[in-house]
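The values are calculated or read from the model by the stated rules, or taken from the named source; none is laboratory data. All figures in this text were calculated on a predicted structure; none of them were measured in a lab. No Cβ is skipped: glycine too gets one built from the backbone with ideal geometry, and neighbour counts run over all protein chains shown.
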Amino acid sequence: MSSEEGGLGLAITERFFGLILIIIGSLIEYYTLASMDSLGAFGGFFAFLSIIPVVLGLLMITAKTE
């Protein structure tokens, strides 16, 4: 197996897990915003925390692997 095949597999895997992180982060954000009234004062904190997986997923998808 050459290094080009390993690089291609790594790039595809990185983008796949980035997509998974975006989906999970979006679901967490949706359910956090849907139950904002029951979270009370912690609603903003959990809304901020749910944005982190989305940002990490976007970084993984747009990153250049060498």
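Does the range 42-54 hold any residues that are free of Cβ contacts under 8 Å to residues at least 12 places away in the same chain and either surrounded by 15 or more Cβ atoms within 10 Å (Cβ to Cβ) or among the basic types (Lys, Arg) (or both), and which are they?
The answer is Gly43, and nothing else.
Applying the selection to the range 47-66, what residues are at pLDDT below 90, closer than 20 Å to Ile22 by Cα and not small (Gly, Ala, Ser)?
Lys64, Thr65
Exactly one condition in (1) among the charged types (D, E, K, R); (2) surrounded by 12 or more Cβ atoms within 10 Å (Cβ to Cβ); (3) at pLDDT below 90 is false for Glu5; which is it?
(2)
Inside the range 9-41, can you point out the residues that are of a type in the set (Val, Ile, Thr) and either touching a strand residue (DSSP E or B) at 6+ places or on another chain (Cβ under 7 Å) or exposed (fewer than 12 other Cβ atoms within 10 Å of the Cβ) (or both)?
Ile12
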